[in-house]
Amino acid sequence: MLDYGLDMSSVEHDLALPDLVAEGDELDALVSAQTDWTEPTPAAGWTIAHQIAHLASADANVLIAIRTPDAFDAVLKQAAAAGSQYADLDAAAGAATPRSALLEQWRTGRTEVAAALRDIPLDHGFPWYGSQLTAALMVPLRLMETWAHGQDIFDALGVSRRPTGRLHHVASLGVMGRALSFYAAQLPVPEEPFRVELTGPDGRPWAWGPEDAMQRIQGSALDFCLRVTQRRSRAETDLTAVGQDAQKWLDIARVFL
């Protein structure tokens, strides 16, 4: 099974890869100007250092999966052994690294990930957690995770963040991952089609799904992305839903695969 069964035909890889690089560069500009990475973030127990360590670790695992796929079994076994504490323990270990070394590790890793994802065929499969992935999905996934954990850091520092068109990749993942939200909540996946209508940062409309769908989500692209990455509660957004299944989706929305 490749890409978790998601249809990646609409992903514009030539745009997604530069956007991934830009997302990392924007966050780099913020954190590199901060001398104190012990500032707590909204994620319980995670400081700025934990957030960057998590991104750096994920990048390292992407490189293992692409370059030495057989060795990725060891990553999976380590994750299975730690269970639900895996992310916390991994981030804590990385956060213990001196700030300068961790920053350099993250910079080097994300540069190598971008190069690796650029150089392999879009449909080339490599192992990941629970499935096989391709570059077509991994690029927007890395962008989404960089944006989401970056949001935690922006929030921690009280810095206003200007939304950009890069959110389209995050929103697309949110739409494509609707079934995941219901699956994770142990609820049956609705068979009825959905319509998602969002307003992009430049005021232009973004839309997915048939225009006559009875289940509908509307609102700003920023709020939709904040919701599906679980950075904001539904009540903290301007999102509206029409239809029982659409209402439930906003309650349980997630995009983590």
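The values are calculated or read from the model by the stated rules, or taken from the named source; none is laboratory data. All figures in this text were calculated on a predicted structure; none of them were measured in a lab. Virtual Cβ from ideal backbone geometry, glycine too; neighbours counted across all protein chains shown. Just so you know, the surface numbers come from the protein's heavy atoms only, side chains and all, with ligands and any DNA or RNA stripped out. Shrake-Rupley method; radii C 1.70, N 1.55, O 1.52, S 1.80 Å.
Amide hydrogen proximity for W206: with H placed 1.01 Å from N in the peptide plane, the residues at 5 or more positions away or on another chain lying under 5 Å are L198, T199, G200.
Extending 7 Å from the Cα toward the beta-carbon at both A235 and D212 defines two label points whose distance is 3.9 nm.
Working from Cα pairs under 8 Å separated by at least six residues, relative contact order for the chain is 19 percent.
Amide H contacts for T47 (H built 1.01 Å from N in the peptide plane; partners 5 or more residues away or on another chain; cut-off under 5 Å): T41. When L89, L102 are compared by accessible area of protein heavy atoms, the largest-first order is L89, L102, using a 1.4 Å probe.
Projected onto their three principal axes, the Cα atoms of the chain cover extents of 53, 41, 35 Å, largest first. Comparing A184, A53, A235 in a Gaussian network model of the chain where C-alpha atoms under 10 Å apart are linked, the largest mean-square fluctuation is found at A235.
Under the rule of -39500 (n - 2.57) per DSSP H run of 4 or more residues, summed and divided by the residues of the chain, what mean residue ellipticity at 222 nm is obtained, to the nearest 500 deg cm²/dmol?
Counting only the DSSP helices, I get -17500 deg cm²/dmol.
Mind running the shape call on the range 64-134? Use the C-alpha gyration tensor, a ≥ b ≥ c as the square roots of the eigenvalues: rounded below 1.5 for a/c, prolate if a/b tops b/c, oblate otherwise. It comes out oblate by the Cα gyration axes. In the complete set of protein chains, residue-level accessible area for Y129 is approximately 70 Å², probe 1.4 angstrom.
Note on the chain: GNM, Cα springs under 10 Å; of E197, E104, E112, the largest mean-square fluctuation is that of E104. Note on E104 and E12: the extension gain reaches 30.2 nm, defined as 0.36 nm multiplied by sequence separation minus the Cα-Cα distance.
In a reduced charge model with +1 at each Lys and Arg Cβ and -1 at each Asp and Glu Cβ, the chain shows a dipole moment near 320 debye about its Cα centre. Sorting the segments 218-227, 34-43, 57-66 by their residues' average number of neighbouring beta-carbon atoms within 10 angstrom, most packed first, yields 218-227, 57-66, 34-43. Accessible area of E211 (1.4 Å probe, protein heavy atoms only, ligands and nucleic acids ignored): about 150 Å². Remark: spin-label model distance A81-D251 equals 4.0 nm, labels positioned 7 Å along the Cα→Cβ axis.
To the nearest 0.05, how large is the calculated FRET efficiency for Y129 and T164 if R₀ is 35 Å and r is the Cβ-Cβ distance?
0.80
Helix screen, the chain: no DSSP H segment has Cα axial length of 18 Å or more and mean Kyte-Doolittle hydropathy at least 1.0.
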